[in-house]
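Please treat every number below as a calculation from the coordinates, not as lab data. Keep in mind it's a predicted model, so treat the numbers as computed, not measured.
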Amino acid sequence: MAGAVAGFLMLTSAFLPWQGRAQEPTIPPAPPARAGDTAPPLLSLPQASARAPEATPKSREEKRFSRNDKNKNGRVEGEEMFAPRRKAFAKLDKNGNDTLSFDEWAVKT
């Protein structure tokens, strides 16, 4: 333990003087302007509003409704609502008997 501390102190004592001699890099001066040069105009950005507009809860519900209304008749029927779940169940039900055995269930979950 004492050797590790001594080694750390030796490295630190060598590092500090080396860093103490570091100098700031000098930045060259800007080139002189030519006679016909003019500064380009700054781009004007559109004013950003303080807040972004938020969707109303009604529009969110309308989006959900529209996703479920597959035939776009203005009503969500049971077949439209449960079709994705039935498709997922059918993928698991390999033998097609409308029940899942443990083996069918365990393969996917």
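Laid out as a table, the results:
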quantity	calculated
Calculated Rg and Dmax of region 56-109 using C-alpha coordinates, Å	15.7, 46
Restraint check, K63/K91; K63/K87; K58/K91, Cα-Cα greater than 32 Å	K58/K91
Aspartates and glutamates with Cα under 20 Å of K94, excluding same-chain neighbours fewer than 8 positions away	D103, E104
